[in-house]
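What follows is a set of notes on a single structure, which appears directly below.
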Amino acid sequence: MSREARAIETADIMDMRAYGEQRKALRLGQVEAKKKRRLSVGPHVTVFFESYDSMWLQIHEMLYIERGGAEQIPDELAAYNPMIPNGRELTTTLMFEIDDPKLRASILGRLAGVEDHIYLHLGETRIAAVAEGDVERSREDGKASSVHFLHFPFTEDQIAEWRSGRGTVIFGIDHPHYGHMAIVGPEMRETLGRDFN
């Protein structure tokens with residue numbers, strides 16, 4: 001697995017028998033890596049900043065669990081390759097994690113358009129999230145999805161600012177029904193800085 005690579009190709013996919021033999025160790029390694037890429041934003045949101053490695057593992061998990069064979073590979077590559085940072089962005093999977101079904105329905109039912117209220121604040125700059133264009137994340141009835149795939153596009157100056165370590169980086173959500181912020185700490189900031197090319 002390589003952080004420099006920007007796309008997973010068919011040749012990068014392990015044989016499923018070999019993957020099964022190494023699965024436990026690979027998943028454990030990813031759990032450790034995700035600790036530096038996981039952020040809680042308010043009481044119900046968890047954000048994972050994605051990478052080549054996390055998407056490589058996700059593709060393998062889908063292939064291993066669903067057992068679709070070679071015919072399944074193109075669909076998984078098409079689904080997950082767009083979430084590998086392209087060198088000028090950060091990408092995230094944002095999840096509303098609410099165990100109680102009634103509470104979950106109530107909260108998500110008031111969060112239509114939440115994907116348009118998510119941002120990173122860096123220095124004096126606000127970098128708005130751009131939703132992955134695969135599916136609509138808010139339904140006509142006003143209910144938001146519990147999972148959102150997001151891109152944060154950066155300019156060269158913003159990348160330099162991020163890497164400088166100056167100031168505070170904040171991940172924010174300013175939806176009227178879910179307004180919360182979280183600080184991106186120095187260790188996470190340094191880790192994510194490696195996602196820029």
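Every number here is computed from the coordinates shown, using simple stated rules; none is lab data. Predicted, not measured: the structure shown is a model, and the values here were computed from it. Counting neighbours? That spans all protein chains shown, and the Cβs are built from the backbone with ideal geometry, glycine included.
Per-residue 3J(HN,Hα) values for segment 84-92, derived from phi via the Karplus relation 6.51 cos²θ - 1.76 cosθ + 1.60 with θ = phi - 60°, read 7, x, 8, x, 10, 7, 10, 10, 9 Hz in sequence order (x marks Gly and Pro).
Less than 5 angstrom separates the built amide H of Leu111 from those of Ala144, all sequence-distant by 5 or more or on a different chain.
Thinking of segment 59-98 as a set of Cα atoms, what percent of all their pairs are more than 13 Å apart? So the pairs more than 13 Å apart make up 61 percent of the total in segment 59-98.
Applying both filters, DSSP loop and at most 11 other Cβ atoms within 10 Å, to the trypsin sites (Lys or Arg not before Pro) of segment 104-197 gives Arg166. 3J(HN,Hα) along segment 54-68: 5, 6, 4, 5, 4, 4, 5, 4, 5, 5, 5, 6, 8, 6, x Hz, from the Karplus curve 6.51 cos²θ - 1.76 cosθ + 1.60 with θ = phi - 60°, whole Hz, x for Gly and Pro.
Determine the dipole magnitude for the chain: charges of +1 sit on the beta-carbon of Lys and Arg, -1 on that of Asp and Glu, nothing else is charged, the reference point is the Cα centre, and the result goes in debye to the nearest 20. That gives the chain a dipole magnitude of about 680 debye. Each listed q (0.15, 0.19, 0.20 Å⁻¹) maps to a log10 I(q)/I(0) for segment 1-120 from the Debye sum over equal C-alpha point scatterers, namely -0.82, -1.12, -1.17. Ellipsoid fit via the Cα gyration tensor, segment 41-197: semi-axes of 26, 23, 13 Å, each the root of five times an eigenvalue, largest first.
Residues whose amide H falls under 5 Å from that of Val184, counting only those 5 or more places apart or on a different chain, are Val169, Ile170, Phe171, with hydrogens built in the peptide plane.
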